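Peer 1: Can you keep this structure in mind? I'll have questions shortly.
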Amino acid sequence: MLGTTQMSIRWIQPSDLKQVMEVERESFEFPLTHEEFVDWLKMEQCVCLVYEVRGVVAAYLMYLYDHNRYELLNIAVGRGYRFQRIASELLSHLKMGLNQGRHSISTRVRRKNYPAVNFLLKNGFAVVGKKRETVSETEGAEFVLRMRYVAGD
Ligand SMILES: CC(C)(COP(=O)(O)OP(=O)(O)OC[C@H]1O[C@@H](n2cnc3c(N)ncnc32)[C@H](O)[C@@H]1OP(=O)(O)O)[C@@H](O)C(=O)NCCC(=O)NCCS
């Protein structure tokens, strides 16, 4: 884990977008485009946190919230920063927001994305549903898992 003088977790700023998009592109087979990313950010209930290491954006977490729950939309760590518990720390930030009113965090993840599924299981999530969905025109249908944070129940 990095020392607290070397890292910070904060809300995204417009000047972070270029680096965040680099993390996005190296993290997903079907990355969001810049325009799609900005459209999410424009939504009133969307929050994006970045994890900065020595002035460089190493990771981001994006979620939606309403009056009683969080929906984790995306979490991604740049290739050179993985396996340092950065994603776990970002997720802890979201878990800290759980209280009696807002009591759940749910997310969707492709079943074949083993690192992501394992990461979520290790962080207190459980599989609560499974559905075949068309992920892209080229890939066709595949299983997408619905997972929910249960450790705090
Ligand atoms: C999944 C991802 C976010 C994990 O980020 P990370 O900062 O490396 O994860 P952490 O260091 O916090 O890992 C916590 C635990 O998750 C599990 N995990 C993390 N990466 C893993 C991998 N590649 N394979 C298997 N398990 C993994 C491990 O159990 C790990 O605990 P350990 O280090 O004690 O073994 C990162 O690999 C990533 O950005 N992947 C591409 C984008 C993506 O698929 N996002 C998930 C969308 S839900």
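Peer 1: Specify which of the listed residues (Gln13, Gln84, Gln45, Gln6) is in contact with a strand residue (DSSP E or B) (Cβ under 7 Å, 6 or more places away or on another chain) and farther than 26 Å from Arg146 by Cβ.
Peer 2: Gln6
Peer 1: Still on this structure, please answer the following. Out of the residues in the range 48-101 that are of a type in the set (Val, Ile, Thr) and surrounded by fewer than 18 Cβ atoms within 10 Å (Cβ to Cβ), which is nearest to the ligand (Cβ to nearest atom)?
Peer 2: Val53
Peer 1: Ok, one more. Residues in the range 57-69 that are farther than 17 Å from Phe83 by Cα, at pLDDT 95 or above and either more than 16 Å from the chain's Cα centre (by Cα) or of a type in the set (Phe, Trp, Tyr) (or both): how many?
Peer 2: Adding up the residues that qualify gives 1.
Peer 1: Can I ask one more? Within the range 117-150, take every residue that is among the polar types (S, T, N, Q) and without any contact (Cβ under 8 Å) to a residue 60 or more places away in the chain and give me the one that is surrounded by the fewest Cβ atoms within 10 Å (Cβ to Cβ).
Peer 2: In this case the residue turns out to be Thr138.
Peer 1: Give me the pairs: first residue in the range 60-80 and more than 17 Å from Lys95 (Cβ to Cβ), second residue surrounded by fewer than 16 Cβ atoms within 10 Å (Cβ to Cβ), beta-carbon distance under 6 Å, and six or more apart or on different chains, which are they?
Peer 2: Listed by first residue and then by second, the contacts come to Arg79/Glu26.
Peer 1: A further question follows. Looking at (1) within 16 Å of the ligand (Cβ to nearest atom); (2) part of a helix (DSSP H, G or I); (3) not polar (S, T, N, Q), find the lone condition where Leu17 falls short.
Peer 2: Against the list (1) within 16 Å of the ligand (Cβ to nearest atom); (2) part of a helix (DSSP H, G or I); (3) not polar (S, T, N, Q), Leu17 comes up short only on (1).
Peer 1: Does the range 33-46 hold any residues that are surrounded by fewer than 19 Cβ atoms within 10 Å (Cβ to Cβ) and in contact with a helix residue (DSSP H, G or I) (Cβ under 9 Å, 6 or more places away or on another chain), and which are they?
Peer 2: Once the filter is applied, which keeps residues that are surrounded by fewer than 19 Cβ atoms within 10 Å (Cβ to Cβ) and in contact with a helix residue (DSSP H, G or I) (Cβ under 9 Å, 6 or more places away or on another chain), the range 33-46 yields Thr33, His34, Val38, Leu41, Cys46.
The values are calculated or read from the model by the stated rules, or taken from the named source; none is laboratory data. Computed from a prediction, not measured in an experiment: that's the story for all the values here. Note that each Cβ is placed from the backbone with ideal geometry, even for glycine, and that neighbours are counted across all protein chains shown.
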